[in-house]
Amino acid sequence: IVQKNNCLMLVDQHAAHERVIFEALKKRHRTLSIQSQALLVPETLDLTHKEADLLNSILEDLSRIGIKIEPFGGTTFIVKSIPQLIEKKQIKPLVLEIIESFLETRDPSSKNKWMEDCLISMACHTAIRANKAMQTGEMEQLLKDLEKCENPFHCPHGRPAIVCLDAGQMEKLFKRVV
């Protein structure tokens, strides 16, 4: 909860952080190659044949967004590196979500949509969780980073990141005015 310019702002920390990360990933993808970090312990992925075929077909695209995966025989793959902006804890669910997203948008003309969906998934899996306790400094930094975003009011999925209530709206909520 934040007060700014005579307004009470309710901030969804997950949606706000997701927006910040998404815009950083998108900017890096547009302007530079995304920086990867090698995993100390590569993570293995055991997939179905269908998932393995799909993953094989997008390995080069994933590499361009910082996810380096190599075949390890059969339907097993090894994740070698991930973008620096994402945390290791969510690699397998992230890759499976990317494969699922590719299945849904398999049309080659929608490659940009698919790539944006990948960046959204990466941001979502990396963002702080809704119930995580944050220190005051972390909250302040998140708000500063959010202010720099092109669209600070919504996460990349379209959910509100900030809801503002001015004095008039609060008076209506408390039935003081009609």
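The values are calculated or read from the model by the stated rules, or taken from the named source; none is laboratory data. Quantities reported herein were computed from a predicted structural model and do not represent experimental measurements. Cβ: placed from backbone, ideal geometry, glycine included. Neighbour counts: every protein chain shown. Surface accessibility is based on the protein's heavy atoms, side chains included, excluding ligands, DNA and RNA. Shrake-Rupley method; radii C 1.70, N 1.55, O 1.52, S 1.80 Å.
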Item to check | Loop trypsin sites (Lys or Arg not before Pro), the stretch 138-178 (other Cβ atoms within 10 Å of the site Cβ: 12 or fewer; DSSP) | outcome: Lys148, Lys175, Arg176
Checklist entry - Which part of the stretch 34-51 falls in the paramagnetic zone of Phe72, meaning amide N under 13 Å from the point 7 Å along Cα-to-beta-carbon? => result 39-47
Checklist entry - Which of the aspartates and glutamates could a cross-linker bridge to Lys68, judged by Cα under 20 Å and excluding same-chain residues fewer than eight apart? => result Glu43, Asp46, Glu51, Asp53, Glu60, Glu87, Glu97, Glu100, Glu116, Asp117
Item to check | the chain, accessible area per residue, ligands and nucleic acids excluded (1.4 Å, Å²) | outcome: 61 Å²
Checklist entry - Across the Cα atoms of the stretch 1-105, what radius of gyration and what greatest pairwise Cα-Cα distance (Dmax) are found, in Å? => result 17.0, 61
Checklist outcome for this item: Between Asp166 and Gln37, Cβ-based FRET efficiency (R0 41 Å, step 0.05) works out to 0.40
Checklist entry - Which value, in Å to one decimal place, does the Kirkwood hydrodynamic radius take for the chain when every pair of different Cα atoms is included? => result 18.0 Å
Checklist outcome for this item: Ranked output for segments 20-26, 39-45, 98-104 by mean other Cβ atoms within 10 Å, highest leading, reads 20-26, 98-104, 39-45
